[in-house]
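Peer 1: First the structure, which I've put down as C-alpha cells, then a few questions once you've had a look.
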Amino acid sequence: MRDDTNNPTDFDSGEAPEALISDLKRLYQDDLRIPEAVDRAILDSLHEAPAPIPWRSAKRIWWTTGITAAAAGLTLIVWLQGQPTPQAPPPPNTADQLASGDMRQRSAFQALDAPSMLAESDAMVASVKEDVDGDGQVNILDAFLVARAVESGESLDPAWDMTGDGSVSMTDVDLIANAAVSLSRRSLQ
Amino acid sequence: MKFLLILLVSILAAGPGAGDTQERDEARATFAFAGEPRFEAVDIFVDAGDASLGAYQVELKGIERKEARVGTAFVKIVGLEGGDHPAFGDAPYYDPEALQGGRVIVAAFSTAADLPAGRTRVARVHVMLEGAGEPAYELKIEAAADRGGKPIRAQASTERVTKEQSEGTDQ
C-alpha cells in the first residue's frame with residue numbers, strides 16, 4: 001500500500017514534483033554579479049610593481065649565499081678525504097678456475113671478489129665431506145675416528161678418501177684435522 | 001670576513017675521521033713508549049676428569065685489553081708446541097694463518113695406549129706482545145673425546161708462563 005503523504009515523489013511517472021522544480025530554477029538563476037568597484041580594485045592591485053629590495057639587504061643575501069656555498073664545498077672535500085680509497089678487484093687466481101664450472105656463476109663471483117668467493121664455496125662443499133661422523137661440524141673428532149680406523153685395520157669407508165688417491169691413510173686424517181682447525185673455514189660456519 | 005674564517009676553521013676541525021686519527025695516534029704513541037715487543041707463552045690445560053683424553057680441540061683468543069694510562073696490549077701468536085704428556089708431546093694441529101694474529105684453533109688426538117687423565121698440559125702457545133698493557137686470554141673447549149672417540153665433558157684453562165718457567169721447561 002502506498003502512502004503519498006510520506007512519499008510525495010512520483011517516480012513511476014518520470015516527473016519531479018512542482019516544488020522541487022521551482023526550487024532548482026531559483027538556485028540556478030544567473031544573477032551573481034561582481035560589483036564594479038571590487039573588480040577594479042583587484043585589477044589595480046595586480047598591476048602594481050613590487051617594491052625594490054634595499055641595497056644593503058641584497059648585499060647580505062649575496063654574502064650569505066656565498067658563505068653557505070663555500071662551507072658546503074669544504075665539507076664535501078673533507079668528507080671525501082675521510083672515505084676509504086676504492087680498490088680494484090683482484091684478478092682471478094688461474095685460468096683453470098674460470099674455465100671450469102659454470103662460467104656465468106664464476107663471472108658473477110669475479111665481479112665481487114673472485115678468489116676468496118671461489119675458495120669459500122669450495123670450502124663449504126669440502127666441509128660436508130670432512131664431517132665424517134655426521135654431527136654437522138668438522139672437528140678433531142672426525143680425524144680421530146678415521147685415525148683409529150686406519151691404525152686398527154678396521155674396514156675403511158671410501159668416503160674418507162680426502163685426497164682421492166683411492167685409499168684411506170693418515171694423509172687423509174691430516175687433511176680432516178687441518179680442516180678442523182682452519183680459521184677461514186670457521187669464519188664460514 | 002672574520003665570520004668566514006671562523007667557519008672554515010670549525011669545519012676543518014670537526015671533519016670526519018678526526019676521532020679515528022686520534023685513536024691511531026694514541027696507539028702509536030703507546031707502542032713507541034713501550035719500546036721493544038715482549039714475548040711470553042700461554043699453556044693450555046685440558047682436564048678430562050676420570051676419562052683418558054684421546055682428543056681435544058680448543059680455541060684460544062688473545063684479547064686486546066686497553067688499560068687507562070698504559071695502553072693496549074696487542075697479542076700476536078708466533079708459535080705452538082706440544083704438551084707434557086708423551087701422547088700430546090708433538091705440536092698440535094693449528095692453522096698457520098693464525099700466526100701473527102690473535103686467535104688460533106688448537107687440536108690434537110692420540111691413538112697411543114697410554115693416555116693422560118685428569119688435568120694435563122696439552123700445548124704451549126708462544127705470543128708476542130706489543131704495547132704496554134697486560135694481555136688477557138680467552139679459551140673455549142670445542143671438542144674432547146676419550147680413547148674410544150666418545151665425546152666427553154672436559155674443562156680447559158690457560159696459564160701464562162713466566163720467562164723463568166719457560167726456561168726451566170725448555171732445559
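Peer 1: Taking into account only those residues within the range A:164-189 that are surrounded by 17 or more Cβ atoms within 10 Å (Cβ to Cβ) and either in contact with a Ser or Thr (Cβ under 9 Å, 6 or more places away or on another chain) or not in a helix (DSSP H, G or I) (or both), which is modelled with the lowest pLDDT?
Peer 2: Ranking the qualifying residues of the range A:164-189, first place goes to A:185.
Peer 1: Another one. Among the residues of the range B:119-127, are any small (Gly, Ala, Ser), modelled with pLDDT of 95 or more and either in the same structural domain as residue B:64 (by TED's automatic domain parsing) or under 12 Å from the mean Cα position of the chain (by Cα) (or both)?
Peer 2: The answer is yes; a qualifying residue exists.
Peer 1: Return the residues of the range A:136-178 that are of a type in the set (A, V, I, L, M) and either within 7 Å of chain B (Cβ to nearest Cβ) or in contact with a Lys or Arg (Cβ under 6 Å, 6 or more places away or on another chain) (or both); say none if nothing qualifies. Don't jump to the end; show me each part of the working.
Peer 2: Just the residues of the range A:136-178 that are of a type in the set (A, V, I, L, M), to begin with: A:138, A:140-141, A:143, A:145-147, A:149-150, A:156, A:159, A:162, A:168, A:170, A:173, A:175-177.
Selection gives A:140, A:141, A:143, A:145, A:147, A:177.
Peer 1: Follow-up question, since we're still on this one. Filter the range A:134-162 down to residues that are surrounded by 15 or more Cβ atoms within 10 Å (Cβ to Cβ), farther than 18 Å from residue A:186 by Cβ and free of Cβ contacts under 8 Å to residues at least 24 places away in the same chain, then give me how many there are.
Peer 2: 7
Peer 1: Which of the residues belonging to the range B:45-57 are in contact with an Asp or Glu (Cβ under 6 Å, 6 or more places away or on another chain), under 17 Å from residue A:140 (Cα atoms) and hydrophobic (A, V, I, L, M, F, W, C)? Outline the logic, then answer.
Peer 2: First, the residues of the range B:45-57 that are in contact with an Asp or Glu (Cβ under 6 Å, 6 or more places away or on another chain): B:51-52, B:54, B:57.
Now narrow it down to the ones that are under 17 Å from residue A:140 (Cα atoms): B:52, B:54, B:57.
Of everything in the range B:45-57, nothing turns out to be in contact with an Asp or Glu (Cβ under 6 Å, 6 or more places away or on another chain), under 17 Å from residue A:140 (Cα atoms) and hydrophobic (A, V, I, L, M, F, W, C).
Peer 1: Another question, if that's okay. Please find, within the range B:104-131, the residue that is farthest from residue A:149 (Cα to Cα) out of those that are small (Gly, Ala, Ser) and surrounded by fewer than 18 Cβ atoms within 10 Å (Cβ to Cβ).
Peer 2: In the first step, residues of the range B:104-131 are kept if they are small (Gly, Ala, Ser); the result is B:107-108, B:110, B:112-113, B:117-118, B:123, B:131.
Remaining after also requiring surrounded by fewer than 18 Cβ atoms within 10 Å (Cβ to Cβ): B:112-113, B:117-118.
Details: B:112: 13, B:113: 15, B:117: 23, B:118: 26 Å.
Top of the filtered list is B:118.
Peer 1: Examine the range B:90-100 for a residue that is on the phi > 0 side of the Ramachandran plot, of a type in the set (S, T, N, Q) and either in a loop (DSSP other than H, G, I, E, B) or surrounded by fewer than 17 Cβ atoms within 10 Å (Cβ to Cβ) (or both), and state whether such a residue exists.
Peer 2: To start, the set of residues in the range B:90-100 that are on the phi > 0 side of the Ramachandran plot comprises B:100.
Checking which are of a type in the set (S, T, N, Q) leaves us with B:100.
Then drop every residue that is not either in a loop (DSSP other than H, G, I, E, B) or surrounded by fewer than 17 Cβ atoms within 10 Å (Cβ to Cβ) (or both), which leaves B:100.
Yes, there is a match, as at least one residue in the range B:90-100 is on the phi > 0 side of the Ramachandran plot, of a type in the set (S, T, N, Q) and either in a loop (DSSP other than H, G, I, E, B) or surrounded by fewer than 17 Cβ atoms within 10 Å (Cβ to Cβ) (or both).
Peer 1: Sticking with this structure for a sec: Tell me which residues, restricted to the range B:131-152, are of a type in the set (D, E, K, R), within 14 Å of chain A (Cβ to nearest Cβ) and in contact (Cβ under 8 Å) with a residue 24 or more places away in the chain.
Peer 2: Restricting attention to the range B:131-152, the residues satisfying the condition of being of a type in the set (D, E, K, R) are B:134, B:138, B:140, B:142, B:146-147, B:150.
Still in the list and also within 14 Å of chain A (Cβ to nearest Cβ): B:140, B:142, B:146-147, B:150.
Those that are of a type in the set (D, E, K, R), within 14 Å of chain A (Cβ to nearest Cβ) and in contact (Cβ under 8 Å) with a residue 24 or more places away in the chain: B:140, B:142, B:146, B:147.
Peer 1: If you don't mind, another one. So which residues in the range B:101-128 are without any contact (Cβ under 8 Å) to a residue 60 or more places away in the chain and either away from chain A (no Cβ under 12 Å) or in a strand (DSSP E or B) (or both)?
Peer 2: As a first pass, look at the range B:101-128 and keep what is without any contact (Cβ under 8 Å) to a residue 60 or more places away in the chain: B:101-105, B:107-114.
Passing the criteria: B:103, B:104, B:105, B:107, B:108, B:109, B:114.
The values are calculated or read from the model by the stated rules, or taken from the named source; none is laboratory data. The model shown is predicted, which means the values in this text are computed figures rather than measured ones. When we count neighbours, we look across all protein chains shown, and the Cβ atoms used for this are built from the backbone with ideal geometry, even at glycine.
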